[in-house]
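Remarks on the structure that follows.
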Amino acid sequence: MSYLKPGLPAPVAENDGLDAPYWEGTRRGELMVQRCKACGTWQWGPEWICHKCLSFDMSWVRVEGRGRIYSWERPWHPVHPALKDQGPYIVVLVELPHAGNIRMLGNLLGDPKQAVRISAEVEAVFEPHDDAKPPFTLVQWKYA
Amino acid sequence: MTDRTLRGRVAIVGIGETPYYRHGKSPDPEFVLALKAILAAARDAGIDPRRIDGFASYSNDRNDPSRLAAALGLPELRFSNMQWGGGGGGGSGAVANAAAAVAGGLADCVVVFRALAQGQFQRFGAAPPGGVATGEAALNAPYGVMSPAQRYAMRAMRFLHENRIGDGAQRAIALASYAHAQKNPRAVMHGRPLTAEAYDASRWIVEPWRLFDCCQENDGAAALIIVPAEQAKDFARKPAYLLGAALGSEYRNGARGHNAPLYATSSFTTVAPHLYAMAGVKPSEVDVLQSYENFTGGVLMSLVEHGFFKAEEANDFLVPENLLAPSGKLPLNTSGGNLAECYMHGLELQVEAVRQLRGESTAQVRDPEISMVISGPMVTPVSSMILGSAETL
Ligand SMILES: [Zn+2]
(Lines give C-alpha, C1' and ligand atoms only; values in the text may rest on other atoms or scores of the structure.)
Protein backbone atom coordinates (compact mmCIF):
# COMPACT_ATOMS: atom_id res chain seq x y z
CA MET A 1 0.00 0.00 0.00
CA SER A 2 1.29 3.40 -0.86
CA TYR A 3 -0.16 6.75 0.21
CA LEU A 4 -0.18 8.17 -3.32
CA LYS A 5 -1.28 6.08 -6.28
CA PRO A 6 1.58 4.48 -8.24
CA GLY A 7 2.94 6.06 -11.41
CA LEU A 8 4.62 9.21 -10.11
CA PRO A 9 8.26 9.74 -11.10
CA ALA A 10 10.48 7.14 -9.39
CA PRO A 11 13.37 8.58 -7.37
CA VAL A 12 16.81 7.45 -8.50
CA ALA A 13 20.21 8.45 -7.17
CA GLU A 14 22.10 11.11 -9.10
CA ASN A 15 24.64 9.98 -11.69
CA ASP A 16 27.45 11.40 -9.60
CA GLY A 17 26.42 9.23 -6.64
CA LEU A 18 25.98 12.11 -4.18
CA ASP A 19 22.65 10.96 -2.72
CA ALA A 20 23.03 7.19 -3.26
CA PRO A 21 23.56 6.45 0.49
CA TYR A 22 20.17 8.01 1.27
CA TRP A 23 18.24 5.99 -1.29
CA GLU A 24 20.14 2.78 -0.40
CA GLY A 25 19.35 3.46 3.28
CA THR A 26 15.62 3.81 2.74
CA ARG A 27 15.56 0.36 1.08
CA ARG A 28 16.95 -1.04 4.37
CA GLY A 29 14.44 0.95 6.42
CA GLU A 30 17.12 3.35 7.63
CA LEU A 31 17.08 7.13 7.53
CA MET A 32 20.55 8.29 6.47
CA VAL A 33 21.56 11.97 6.42
CA GLN A 34 24.83 13.86 6.09
CA ARG A 35 26.99 15.04 8.96
CA CYS A 36 30.33 16.82 8.66
CA LYS A 37 33.20 14.82 10.16
CA ALA A 38 35.22 17.98 10.72
CA CYS A 39 32.73 20.21 12.56
CA GLY A 40 29.68 18.05 13.28
CA THR A 41 27.21 20.12 11.23
CA TRP A 42 24.14 18.22 10.05
CA GLN A 43 23.20 18.73 6.42
CA TRP A 44 20.19 17.94 4.24
CA GLY A 45 19.70 17.77 1.24
CA PRO A 46 22.98 16.17 0.41
CA GLU A 47 25.90 18.26 -0.82
CA TRP A 48 29.54 17.53 -1.58
CA ILE A 49 30.81 20.00 0.98
CA CYS A 50 29.92 21.16 4.51
CA HIS A 51 28.20 24.55 4.28
CA LYS A 52 29.60 25.53 7.71
CA CYS A 53 33.34 24.70 7.57
CA LEU A 54 33.66 23.89 3.84
CA SER A 55 35.22 20.48 4.51
CA PHE A 56 34.69 17.81 1.86
CA ASP A 57 34.83 15.16 4.59
CA MET A 58 31.11 14.44 4.93
CA SER A 59 29.79 11.27 6.53
CA TRP A 60 26.41 9.56 6.29
CA VAL A 61 24.79 8.92 9.68
CA ARG A 62 21.69 6.93 10.55
CA VAL A 63 19.20 9.09 12.46
CA GLU A 64 15.99 8.32 14.31
CA GLY A 65 12.88 8.99 12.26
CA ARG A 66 11.25 11.43 14.64
CA GLY A 67 10.48 15.08 14.12
CA ARG A 68 7.85 17.79 14.19
CA ILE A 69 5.81 19.39 11.45
CA TYR A 70 7.41 22.65 10.31
CA SER A 71 4.98 23.42 7.48
CA TRP A 72 2.46 21.67 5.26
CA GLU A 73 0.24 21.96 2.21
CA ARG A 74 -2.74 20.11 0.78
CA PRO A 75 -2.68 19.76 -3.03
CA TRP A 76 -6.07 19.26 -4.70
CA HIS A 77 -5.39 20.06 -8.35
CA PRO A 78 -3.76 17.09 -10.11
CA VAL A 79 -0.75 18.16 -12.13
CA HIS A 80 0.41 14.66 -13.08
CA PRO A 81 -1.57 11.88 -14.82
CA ALA A 82 -0.95 9.53 -11.84
CA LEU A 83 -2.72 12.00 -9.53
CA LYS A 84 -5.81 12.33 -11.69
CA ASP A 85 -8.21 10.41 -9.41
CA GLN A 86 -6.19 10.89 -6.26
CA GLY A 87 -8.20 13.63 -4.56
CA PRO A 88 -6.45 15.86 -2.05
CA TYR A 89 -3.34 14.69 -0.27
CA ILE A 90 -1.11 16.15 2.40
CA VAL A 91 2.56 17.04 2.13
CA VAL A 92 4.44 17.90 5.32
CA LEU A 93 7.84 19.44 5.91
CA VAL A 94 9.29 17.81 9.02
CA GLU A 95 12.20 19.20 11.03
CA LEU A 96 14.45 16.85 12.97
CA PRO A 97 15.49 18.54 16.26
CA HIS A 98 17.98 15.76 17.12
CA ALA A 99 19.78 16.30 13.78
CA GLY A 100 20.39 20.03 13.67
CA ASN A 101 16.80 20.84 12.64
CA ILE A 102 17.35 19.61 9.11
CA ARG A 103 14.03 19.31 7.26
CA MET A 104 12.58 16.45 5.25
CA LEU A 105 9.57 16.32 2.99
CA GLY A 106 6.96 13.57 2.99
CA ASN A 107 3.27 12.78 2.93
CA LEU A 108 1.31 12.73 6.19
CA LEU A 109 -0.38 9.34 6.39
CA GLY A 110 -4.03 9.05 7.31
CA ASP A 111 -7.12 10.95 6.24
CA PRO A 112 -6.08 13.37 3.47
CA LYS A 113 -8.68 15.86 4.73
CA GLN A 114 -7.54 15.78 8.36
CA ALA A 115 -6.44 18.95 10.14
CA VAL A 116 -2.68 19.45 10.18
CA ARG A 117 -0.98 21.00 13.20
CA ILE A 118 2.33 22.81 12.78
CA SER A 119 4.71 21.71 15.58
CA ALA A 120 2.97 18.33 16.05
CA GLU A 121 5.28 15.35 16.68
CA VAL A 122 5.56 12.82 13.86
CA GLU A 123 7.48 9.63 13.17
CA ALA A 124 8.83 8.15 9.96
CA VAL A 125 7.21 5.22 8.14
CA PHE A 126 9.09 3.44 5.35
CA GLU A 127 6.94 2.86 2.28
CA PRO A 128 8.50 0.37 -0.15
CA HIS A 129 7.65 0.45 -3.87
CA ASP A 130 9.06 -2.95 -4.77
CA ASP A 131 7.26 -3.23 -8.10
CA ALA A 132 8.43 0.15 -9.38
CA LYS A 133 11.17 0.35 -11.99
CA PRO A 134 13.60 0.87 -10.41
CA PRO A 135 12.33 -0.20 -6.95
CA PHE A 136 12.55 2.46 -4.24
CA THR A 137 11.38 3.23 -0.72
CA LEU A 138 9.87 6.53 0.40
CA VAL A 139 10.02 7.98 3.90
CA GLN A 140 6.51 8.99 4.97
CA TRP A 141 5.27 10.48 8.24
CA LYS A 142 2.49 9.78 10.75
CA TYR A 143 1.47 11.50 13.97
CA ALA A 144 3.59 10.09 16.83
CA MET B 1 27.80 52.10 0.67
CA THR B 2 29.39 52.19 -2.73
CA ASP B 3 29.44 54.95 -5.30
CA ARG B 4 29.12 52.38 -8.07
CA THR B 5 25.51 52.62 -9.17
CA LEU B 6 23.03 52.29 -12.00
CA ARG B 7 21.03 55.20 -10.58
CA GLY B 8 20.06 57.54 -13.39
CA ARG B 9 22.47 55.94 -15.85
CA VAL B 10 19.93 54.38 -18.24
CA ALA B 11 16.33 54.83 -19.31
CA ILE B 12 13.57 52.71 -20.77
CA VAL B 13 12.44 54.49 -23.93
CA GLY B 14 10.35 51.84 -25.66
CA ILE B 15 7.80 49.21 -24.61
CA GLY B 16 6.14 46.60 -26.76
CA GLU B 17 3.71 43.72 -26.33
CA THR B 18 1.91 41.24 -28.52
CA PRO B 19 -1.76 40.55 -27.88
CA TYR B 20 -2.06 38.24 -24.90
CA TYR B 21 -3.61 34.79 -25.27
CA ARG B 22 -4.68 31.95 -23.01
CA HIS B 23 -1.99 29.29 -22.86
CA GLY B 24 -1.69 27.28 -26.03
CA LYS B 25 -3.87 29.74 -27.98
CA SER B 26 -1.21 31.85 -29.69
CA PRO B 27 -1.65 31.77 -33.48
CA ASP B 28 2.07 32.51 -33.78
CA PRO B 29 5.09 30.40 -32.83
CA GLU B 30 7.08 31.63 -29.86
CA PHE B 31 9.91 33.08 -31.97
CA VAL B 32 7.42 35.13 -33.98
CA LEU B 33 5.93 36.46 -30.74
CA ALA B 34 9.40 37.55 -29.62
CA LEU B 35 10.01 39.34 -32.94
CA LYS B 36 6.63 41.07 -32.82
CA ALA B 37 7.15 42.38 -29.27
CA ILE B 38 10.66 43.63 -30.09
CA LEU B 39 9.46 45.40 -33.23
CA ALA B 40 6.57 46.93 -31.27
CA ALA B 41 9.02 48.26 -28.68
CA ALA B 42 11.22 49.76 -31.42
CA ARG B 43 8.17 51.36 -33.02
CA ASP B 44 7.14 52.79 -29.63
CA ALA B 45 10.63 54.24 -29.15
CA GLY B 46 10.52 55.69 -32.66
CA ILE B 47 13.71 53.94 -33.74
CA ASP B 48 14.84 51.69 -36.56
CA PRO B 49 15.03 48.21 -35.00
CA ARG B 50 18.50 47.90 -36.55
CA ARG B 51 19.70 50.25 -33.83
CA ILE B 52 19.30 47.39 -31.28
CA ASP B 53 22.69 45.90 -30.39
CA GLY B 54 21.95 43.70 -27.40
CA PHE B 55 19.45 41.29 -25.83
CA ALA B 56 18.67 40.33 -22.25
CA SER B 57 16.13 37.77 -21.05
CA TYR B 58 15.60 35.32 -18.19
CA SER B 59 14.24 31.94 -17.12
CA ASN B 60 15.60 29.83 -19.96
CA ASP B 61 13.96 31.90 -22.68
CA ARG B 62 14.24 29.79 -25.83
CA ASN B 63 14.68 32.63 -28.30
CA ASP B 64 18.38 32.81 -28.92
CA PRO B 65 19.78 36.34 -29.33
CA SER B 66 22.01 35.35 -32.24
CA ARG B 67 19.00 34.05 -34.15
CA LEU B 68 17.02 37.17 -33.24
CA ALA B 69 19.87 39.40 -34.41
CA ALA B 70 20.11 37.50 -37.69
CA ALA B 71 16.34 37.57 -38.25
CA LEU B 72 16.20 41.30 -37.53
CA GLY B 73 19.21 42.02 -39.75
CA LEU B 74 21.11 43.79 -36.98
CA PRO B 75 24.41 45.28 -38.19
CA GLU B 76 26.12 44.00 -35.07
CA LEU B 77 25.34 42.11 -31.86
CA ARG B 78 27.28 43.46 -28.88
CA PHE B 79 25.56 41.98 -25.84
CA SER B 80 23.56 38.83 -25.08
CA ASN B 81 22.69 37.71 -21.61
CA MET B 82 20.24 35.54 -19.68
CA GLN B 83 19.48 35.91 -16.00
CA TRP B 84 20.13 32.51 -14.44
CA GLY B 85 17.39 30.42 -12.90
CA GLY B 86 14.62 31.60 -10.67
CA GLY B 87 11.76 31.64 -13.21
CA GLY B 88 9.96 34.96 -13.04
CA GLY B 89 12.44 36.06 -10.38
CA GLY B 90 14.64 37.19 -13.26
CA GLY B 91 12.30 39.85 -14.64
CA SER B 92 13.89 42.86 -12.98
CA GLY B 93 17.25 41.09 -13.09
CA ALA B 94 17.09 41.06 -16.90
CA VAL B 95 16.48 44.82 -16.87
CA ALA B 96 19.38 45.21 -14.42
CA ASN B 97 21.67 43.18 -16.67
CA ALA B 98 20.72 45.21 -19.73
CA ALA B 99 21.20 48.41 -17.75
CA ALA B 100 24.61 47.31 -16.53
CA ALA B 101 25.65 46.52 -20.10
CA VAL B 102 24.53 49.94 -21.33
CA ALA B 103 25.99 51.83 -18.36
CA GLY B 104 29.25 49.92 -18.69
CA GLY B 105 29.60 50.68 -22.38
CA LEU B 106 29.14 47.12 -23.65
CA ALA B 107 26.18 48.12 -25.79
CA ASP B 108 24.08 51.18 -26.65
CA CYS B 109 20.55 49.88 -27.19
CA VAL B 110 19.59 46.68 -25.40
CA VAL B 111 16.20 45.05 -25.64
CA VAL B 112 14.85 43.10 -22.66
CA PHE B 113 12.32 40.52 -23.78
CA ARG B 114 10.38 37.41 -22.81
CA ALA B 115 8.26 35.26 -25.12
CA LEU B 116 6.06 32.28 -24.31
CA ALA B 117 4.01 29.92 -26.47
CA GLN B 118 3.09 27.11 -24.13
CA GLY B 119 1.13 25.23 -26.79
CA GLN B 120 4.35 24.86 -28.76
CA PHE B 121 6.25 23.82 -25.64
CA GLN B 122 5.54 22.38 -22.18
CA ARG B 123 3.11 24.07 -19.78
CA PHE B 124 4.55 25.39 -16.51
CA GLY B 125 1.73 24.04 -14.37
CA ALA B 126 1.65 20.45 -15.56
CA ALA B 127 4.16 17.63 -15.18
CA PRO B 128 5.07 15.13 -17.91
CA PRO B 129 3.89 11.56 -17.22
CA GLY B 130 5.97 8.82 -15.59
CA GLY B 131 9.73 8.88 -15.71
CA VAL B 132 12.34 9.15 -13.00
CA ALA B 133 13.32 11.98 -10.69
CA THR B 134 16.90 12.72 -9.66
CA GLY B 135 18.64 15.15 -7.35
CA GLU B 136 16.35 17.67 -5.73
CA ALA B 137 13.39 16.50 -7.84
CA ALA B 138 13.74 13.04 -6.25
CA LEU B 139 12.99 14.65 -2.88
CA ASN B 140 9.82 16.31 -4.22
CA ALA B 141 8.16 14.57 -7.16
CA PRO B 142 7.49 11.14 -5.52
CA TYR B 143 5.48 12.99 -2.84
CA GLY B 144 3.33 14.76 -5.41
CA VAL B 145 5.28 18.03 -5.24
CA MET B 146 5.91 19.01 -8.86
CA SER B 147 4.21 22.22 -9.96
CA PRO B 148 5.34 25.68 -8.86
CA ALA B 149 2.22 26.00 -6.66
CA GLN B 150 3.05 22.75 -4.89
CA ARG B 151 6.67 23.76 -4.62
CA TYR B 152 5.99 27.08 -2.85
CA ALA B 153 2.74 26.65 -0.90
CA MET B 154 4.60 25.36 2.15
CA ARG B 155 6.76 28.48 2.34
CA ALA B 156 3.68 30.68 2.38
CA MET B 157 1.84 28.35 4.80
CA ARG B 158 4.66 28.74 7.33
CA PHE B 159 4.61 32.54 6.91
CA LEU B 160 0.83 32.72 7.35
CA HIS B 161 1.13 30.52 10.45
CA GLU B 162 4.01 32.45 12.05
CA ASN B 163 2.29 35.79 11.56
CA ARG B 164 -1.36 34.75 12.14
CA ILE B 165 -2.46 36.09 8.77
CA GLY B 166 -6.12 35.56 7.86
CA ASP B 167 -7.76 34.65 4.56
CA GLY B 168 -8.61 38.26 3.74
CA ALA B 169 -5.01 39.32 3.09
CA GLN B 170 -4.38 36.99 0.15
CA ARG B 171 -7.93 37.60 -1.12
CA ALA B 172 -7.37 41.39 -1.24
CA ILE B 173 -4.41 40.92 -3.58
CA ALA B 174 -6.49 38.82 -5.98
CA LEU B 175 -9.43 41.23 -5.84
CA ALA B 176 -7.21 44.26 -6.60
CA SER B 177 -5.63 42.55 -9.62
CA TYR B 178 -9.01 41.54 -11.03
CA ALA B 179 -10.49 45.00 -10.37
CA HIS B 180 -7.64 46.60 -12.32
CA ALA B 181 -8.00 44.09 -15.17
CA GLN B 182 -11.62 45.19 -15.64
CA LYS B 183 -10.30 48.60 -16.76
CA ASN B 184 -7.67 47.07 -19.06
CA PRO B 185 -8.92 45.88 -22.47
CA ARG B 186 -5.62 44.04 -23.05
CA ALA B 187 -6.22 41.86 -19.99
CA VAL B 188 -7.12 38.24 -20.62
CA MET B 189 -9.53 38.51 -17.65
CA HIS B 190 -11.09 41.77 -18.89
CA GLY B 191 -14.85 41.43 -18.58
CA ARG B 192 -14.55 38.78 -15.88
CA PRO B 193 -14.84 40.62 -12.56
CA LEU B 194 -14.08 38.80 -9.32
CA THR B 195 -16.04 39.18 -6.07
CA ALA B 196 -15.00 38.20 -2.55
CA GLU B 197 -17.78 35.59 -2.58
CA ALA B 198 -16.55 34.05 -5.85
CA TYR B 199 -13.00 33.99 -4.49
CA ASP B 200 -14.11 32.24 -1.29
CA ALA B 201 -16.17 29.71 -3.26
CA SER B 202 -13.40 28.87 -5.72
CA ARG B 203 -11.67 25.50 -5.66
CA TRP B 204 -8.42 24.84 -3.91
CA ILE B 205 -5.37 24.38 -6.09
CA VAL B 206 -3.14 23.63 -3.13
CA GLU B 207 -4.02 24.88 0.35
CA PRO B 208 -3.45 27.73 1.27
CA TRP B 209 -4.09 28.78 -2.36
CA ARG B 210 -7.36 28.82 -4.24
CA LEU B 211 -7.76 29.12 -8.01
CA PHE B 212 -7.71 32.94 -7.86
CA ASP B 213 -4.51 33.01 -5.79
CA CYS B 214 -2.60 31.49 -8.71
CA CYS B 215 -1.29 33.22 -11.82
CA GLN B 216 -2.65 32.44 -15.22
CA GLU B 217 -0.66 30.66 -17.88
CA ASN B 218 -0.53 32.61 -21.13
CA ASP B 219 1.07 33.00 -24.51
CA GLY B 220 2.56 36.24 -25.79
CA ALA B 221 5.66 38.39 -25.61
CA ALA B 222 6.81 41.68 -24.15
CA ALA B 223 9.90 43.83 -24.67
CA LEU B 224 11.55 47.00 -23.36
CA ILE B 225 14.29 49.10 -24.92
CA ILE B 226 17.09 50.46 -22.73
CA VAL B 227 19.47 53.24 -23.75
CA PRO B 228 21.96 55.56 -21.99
CA ALA B 229 20.20 58.22 -19.89
CA GLU B 230 21.98 61.05 -21.71
CA GLN B 231 20.25 60.02 -24.96
CA ALA B 232 16.83 59.41 -23.39
CA LYS B 233 15.28 62.76 -24.31
CA ASP B 234 15.95 62.16 -28.03
CA PHE B 235 13.29 59.43 -28.23
CA ALA B 236 9.63 59.71 -29.05
CA ARG B 237 8.21 58.94 -25.60
CA LYS B 238 8.68 60.13 -22.03
CA PRO B 239 11.65 58.19 -20.60
CA ALA B 240 11.47 56.03 -17.47
CA TYR B 241 14.83 56.29 -15.71
CA LEU B 242 16.21 53.34 -13.77
CA LEU B 243 16.88 54.51 -10.21
CA GLY B 244 17.83 51.17 -8.74
CA ALA B 245 17.86 47.43 -9.28
CA ALA B 246 18.94 44.51 -7.15
CA LEU B 247 18.94 40.75 -7.52
CA GLY B 248 19.95 37.69 -5.55
CA SER B 249 18.69 35.90 -2.45
CA GLU B 250 19.50 35.17 1.18
CA TYR B 251 21.97 32.90 2.97
CA ARG B 252 21.57 29.33 1.64
CA ASN B 253 18.24 30.15 0.02
CA GLY B 254 18.99 27.50 -2.60
CA ALA B 255 19.64 24.71 -0.06
CA ARG B 256 18.02 21.56 -1.41
CA GLY B 257 14.98 19.81 -0.03
CA HIS B 258 13.25 22.88 1.48
CA ASN B 259 16.19 23.52 3.85
CA ALA B 260 16.66 27.28 3.32
CA PRO B 261 17.29 28.58 6.86
CA LEU B 262 14.94 31.55 6.28
CA TYR B 263 12.22 29.33 4.86
CA ALA B 264 9.22 31.62 5.38
CA THR B 265 10.40 34.43 3.10
CA SER B 266 9.96 35.46 -0.50
CA SER B 267 13.81 35.59 -0.75
CA PHE B 268 14.04 39.41 -0.68
CA THR B 269 15.33 40.08 2.84
CA THR B 270 18.84 40.88 1.60
CA VAL B 271 17.85 42.12 -1.87
CA ALA B 272 15.39 44.85 -0.87
CA PRO B 273 17.90 46.91 1.20
CA HIS B 274 20.29 47.01 -1.78
CA LEU B 275 17.44 48.17 -4.03
CA TYR B 276 16.45 51.08 -1.81
CA ALA B 277 20.05 52.04 -1.12
CA MET B 278 20.85 52.32 -4.83
CA ALA B 279 17.63 54.10 -5.71
CA GLY B 280 17.82 56.50 -2.77
CA VAL B 281 14.13 55.82 -2.24
CA LYS B 282 12.09 54.84 0.83
CA PRO B 283 9.09 52.49 0.61
CA SER B 284 6.79 55.37 1.61
CA GLU B 285 7.91 57.26 -1.53
CA VAL B 286 6.77 54.53 -3.95
CA ASP B 287 3.74 55.83 -5.85
CA VAL B 288 2.73 52.64 -7.63
CA LEU B 289 3.88 49.03 -7.36
CA GLN B 290 3.81 45.99 -9.62
CA SER B 291 4.59 42.84 -7.63
CA TYR B 292 5.01 39.52 -9.43
CA GLU B 293 2.26 37.13 -8.49
CA ASN B 294 3.00 33.51 -9.06
CA PHE B 295 0.78 33.18 -5.97
CA THR B 296 -0.82 35.81 -3.74
CA GLY B 297 1.04 34.58 -0.66
CA GLY B 298 4.32 35.43 -2.36
CA VAL B 299 3.14 38.99 -3.04
CA LEU B 300 2.20 39.31 0.63
CA MET B 301 5.68 38.24 1.75
CA SER B 302 7.35 40.47 -0.88
CA LEU B 303 5.51 43.54 0.36
CA VAL B 304 6.63 42.83 3.92
CA GLU B 305 10.24 42.26 2.89
CA HIS B 306 10.23 45.46 0.85
CA GLY B 307 9.08 47.38 3.92
CA PHE B 308 5.58 48.46 2.88
CA PHE B 309 4.21 47.14 6.18
CA LYS B 310 5.22 44.71 8.92
CA ALA B 311 4.10 41.11 8.85
CA GLU B 312 1.88 41.70 11.89
CA GLU B 313 0.18 44.57 10.02
CA ALA B 314 -0.69 42.44 6.97
CA ASN B 315 -4.31 41.77 7.99
CA ASP B 316 -4.96 45.51 8.36
CA PHE B 317 -2.99 46.76 5.35
CA LEU B 318 -4.10 44.15 2.83
CA VAL B 319 -7.66 45.27 2.15
CA PRO B 320 -8.75 46.02 -1.43
CA GLU B 321 -9.19 49.80 -0.95
CA ASN B 322 -5.50 50.20 -0.03
CA LEU B 323 -4.40 48.42 -3.21
CA LEU B 324 -6.64 50.08 -5.81
CA ALA B 325 -5.65 52.88 -8.19
CA PRO B 326 -5.85 55.79 -8.11
CA SER B 327 -6.59 56.46 -4.45
CA GLY B 328 -5.20 53.49 -2.51
CA LYS B 329 -2.23 53.80 -0.18
CA LEU B 330 -0.27 51.42 -2.42
CA PRO B 331 -1.85 50.86 -5.85
CA LEU B 332 -0.81 47.32 -6.76
CA ASN B 333 -0.67 45.47 -10.08
CA THR B 334 -2.55 48.16 -11.93
CA SER B 335 -2.75 46.30 -15.26
CA GLY B 336 -4.16 43.19 -13.60
CA GLY B 337 -0.72 41.57 -13.48
CA ASN B 338 0.03 37.89 -13.73
CA LEU B 339 -3.30 37.02 -12.10
CA ALA B 340 -5.63 38.86 -14.43
CA GLU B 341 -3.86 40.77 -17.24
CA CYS B 342 -1.47 38.18 -18.58
CA TYR B 343 1.25 35.93 -17.28
CA MET B 344 4.01 37.16 -19.56
CA HIS B 345 6.33 35.72 -16.96
CA GLY B 346 6.18 39.07 -15.18
CA LEU B 347 7.69 41.20 -17.95
CA GLU B 348 4.24 42.73 -18.47
CA LEU B 349 4.73 44.21 -14.97
CA GLN B 350 7.83 46.08 -16.16
CA VAL B 351 5.86 47.41 -19.13
CA GLU B 352 3.07 48.58 -16.82
CA ALA B 353 5.56 50.31 -14.50
CA VAL B 354 6.76 52.37 -17.49
CA ARG B 355 3.20 53.05 -18.62
CA GLN B 356 2.37 54.47 -15.17
CA LEU B 357 5.26 56.96 -15.38
CA ARG B 358 4.07 58.01 -18.83
CA GLY B 359 0.52 58.52 -17.54
CA GLU B 360 -0.81 55.87 -19.93
CA SER B 361 -2.13 53.15 -17.64
CA THR B 362 -5.76 52.07 -17.78
CA ALA B 363 -5.70 52.31 -13.96
CA GLN B 364 -3.57 55.42 -13.80
CA VAL B 365 -2.17 56.74 -10.52
CA ARG B 366 -2.10 60.55 -10.31
CA ASP B 367 1.28 61.95 -11.46
CA PRO B 368 3.50 59.17 -10.16
CA GLU B 369 7.21 59.85 -9.93
CA ILE B 370 8.38 56.56 -8.42
CA SER B 371 7.23 53.31 -10.05
CA MET B 372 8.49 50.00 -8.65
CA VAL B 373 8.53 46.35 -9.73
CA ILE B 374 9.14 43.23 -7.63
CA SER B 375 9.95 40.07 -9.61
CA GLY B 376 9.43 36.46 -8.63
CA PRO B 377 8.77 35.86 -4.95
CA MET B 378 10.03 32.71 -3.20
CA VAL B 379 12.31 31.51 -6.02
CA THR B 380 16.06 32.15 -6.11
CA PRO B 381 17.47 34.40 -7.37
CA VAL B 382 14.80 37.11 -7.20
CA SER B 383 15.04 40.75 -8.32
CA SER B 384 13.35 44.10 -8.03
CA MET B 385 13.75 47.56 -9.54
CA ILE B 386 12.68 51.17 -9.16
CA LEU B 387 11.95 53.54 -12.03
CA GLY B 388 11.63 57.30 -11.76
CA SER B 389 10.53 60.25 -13.85
CA ALA B 390 13.07 62.92 -14.92
CA GLU B 391 12.10 64.92 -11.81
CA THR B 392 13.56 62.21 -9.55
CA LEU B 393 17.07 62.35 -11.01
ZN1 LIG C 1 31.87 21.14 8.67
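The values are calculated or read from the model by the stated rules, or taken from the named source; none is laboratory data. What you see is a predicted model, and the numbers here were worked out from it, not measured in a lab. As a convention, Cβ positions derive from the backbone with ideal geometry for all residues, glycine included, and neighbour counts pool all protein chains shown. Remember, those area values only see protein heavy atoms, side chains included, never the ligands or the DNA or RNA. Shrake-Rupley method; radii C 1.70, N 1.55, O 1.52, S 1.80 Å.
Which pairs have Cβ atoms under 9 Å, sit 6 or more apart or on different chains, and link a residue in the range A:32-58 that is more than 13 Å from chain B (Cβ to nearest Cβ) to one that is more than 7 Å from the ligand (Cβ to nearest atom) and among the hydroxyl-bearing types (Ser, Thr, Tyr)?
A:32/A:22; A:32/A:26; A:35/A:59; A:36/A:59; A:37/A:59
Residues that are open to solvent by 30 Å² or more (accessible area, probe 1.4 Å) and within 16 Å of the ligand (Cβ to nearest atom): find the strands (runs of 3 or more DSSP E) completely inside the range A:23-113 holding 1 or more of those.
A:31-36, A:58-63
Output the residue which, of all residues in the range A:114-141 that are buried (at least 18 other Cβ atoms within 10 Å of the Cβ) and among the aromatic types (Phe, Trp, Tyr), is nearest to the other protein chains (Cβ to nearest Cβ).
A:136
Filter the range B:295-318 down to the residues that are surrounded by fewer than 21 Cβ atoms within 10 Å (Cβ to Cβ) and not in a loop (DSSP other than H, G, I, E, B) and list them by number.
Answer for the range B:295-318, where residues must be surrounded by fewer than 21 Cβ atoms within 10 Å (Cβ to Cβ) and not in a loop (DSSP other than H, G, I, E, B): B:311, B:312, B:313, B:315, B:316, B:317.
Can you confirm whether residue A:5 is within 16 Å of the ligand (Cβ to nearest atom), outside any strand (DSSP E or B) and open to solvent by 40 Å² or more (accessible area, probe 1.4 Å)?
Spelling it out, it is not the case that residue A:5 is within 16 Å of the ligand (Cβ to nearest atom), outside any strand (DSSP E or B) and open to solvent by 40 Å² or more (accessible area, probe 1.4 Å).
Only one of B:66, B:57, B:92 is part of a helix (DSSP H, G or I), buried (at least 19 other Cβ atoms within 10 Å of the Cβ) and not aliphatic (A, V, I, L, M); which?
B:92
Determine the pairs where a residue that is under 30 Å from residue B:238 (Cα atoms), located within the range B:371-387, has a partner that is among the β-branched types (Val, Ile, Thr) and part of a loop (DSSP other than H, G, I, E, B) with Cβ atoms under 6 Å apart, the partner being 6 or more residues away or on another chain.
Every condition considered, the pairs that remain are B:372/B:286; B:386/B:281.
Answer yes if at least one residue in the range B:283-294 is open to solvent by less than 10 Å² (accessible area, probe 1.4 Å), among the aromatic types (Phe, Trp, Tyr) and not in a helix (DSSP H, G or I), and no otherwise.
yes
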